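Just so it is clear, none of the values below were taken in a lab; they were calculated from the coordinates. Values in this document were obtained by computation on a predicted structure and should not be read as measured data. Neighbour counts run over all protein chains shown; Cβ positions are idealised from the backbone, glycine included.
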Amino acid sequence: MQTRHCLYDRRLTAKGARVQGAQRRHAIIVGLLAYGMVLGALFLTACGGPALPPLGADQQRFQQQIDGVTITLDSSKAPQVDHTETLRITLHDAQGRPINDAAVSVDLEMDMLCLSGMTPVGDPAGQGVYDVLTVYQMAGEWRVTVLVEVGANSHEAVFVVNVAV
């Protein structure tokens with residue numbers, strides 16, 4: 001009877017070891033899945049939005065979403081009269097992908113003295129970025145209208161830029 005009891009104990013111990021081993025494997029699998037989910041979330045957070053070029057300390061950024069197209073305008077924080085200004089326009093579609101095949105132009109308007117009609121064209125720089133060179137003729141508030149044509153679709157975003165003397 002004693003021997004039988006020992007065999008029974010060994011079977012219980014072996015079964016307990018199997019159960020503990022299965023629990024340990026289950027805990028490892030759950031841990032790896034959780035780790036993978038955290039890494040996936042970090043990846044999606046890092047890659048989920050449109051990647052924009054870095055913004056310099058002396059730059060400002062404006063952004064609008066028009067009909068699924070994100071139009072971003074980067075310009076100097078303090079543009080000056082009669083100095084060449086580079087406006088950087090970045091375009092992304094609704095999925096956050098850069099739009100590289102657009103025709104981009106900028107219409108600069110100022111109410112005072114009916115200043116308008118300047119429409120510089122964007123020079124493609126890749127990754128959905130278009131650079132526009134312009135010169136502001138007067139100090140004050142300018143309406144910068146970014147005109148984007150992608151295929152047969154047109155998009156327009158208006159931003160206000162204040163120009164110093």
For this session: Hey, can you tell me all the residues within region 53-87 that are among the charged types (D, E, K, R) and under 13 Å from residue 161 (Cβ atoms)?
Result: 61, 74, 77, 85
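Which one of 137, 95 is surrounded by 14 or more Cβ atoms within 10 Å (Cβ to Cβ) and part of a loop (DSSP other than H, G, I, E, B)?
Working: 95 fails: surrounded by 14 or more Cβ atoms within 10 Å (Cβ to Cβ).
Unique residue meeting the criteria: 137.
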For this session: Pick out the one residue from 149, 85 that is farther than 24 Å from residue 57 by Cα and in contact (Cβ under 8 Å) with a residue 24 or more places away in the chain.
Result: 149
Exercise. Regarding residue 130, is this residue within 20 Å of residue 51 (Cα to Cα) and in contact with a strand residue (DSSP E or B) (Cβ under 7 Å, 6 or more places away or on another chain)?
Worked result: yes
Problem set entry | Among the residues listed as 147, 55, 87, the single one being touching a strand residue (DSSP E or B) at 6+ places or on another chain (Cβ under 6 Å) and not in a strand (DSSP E or B) | 55
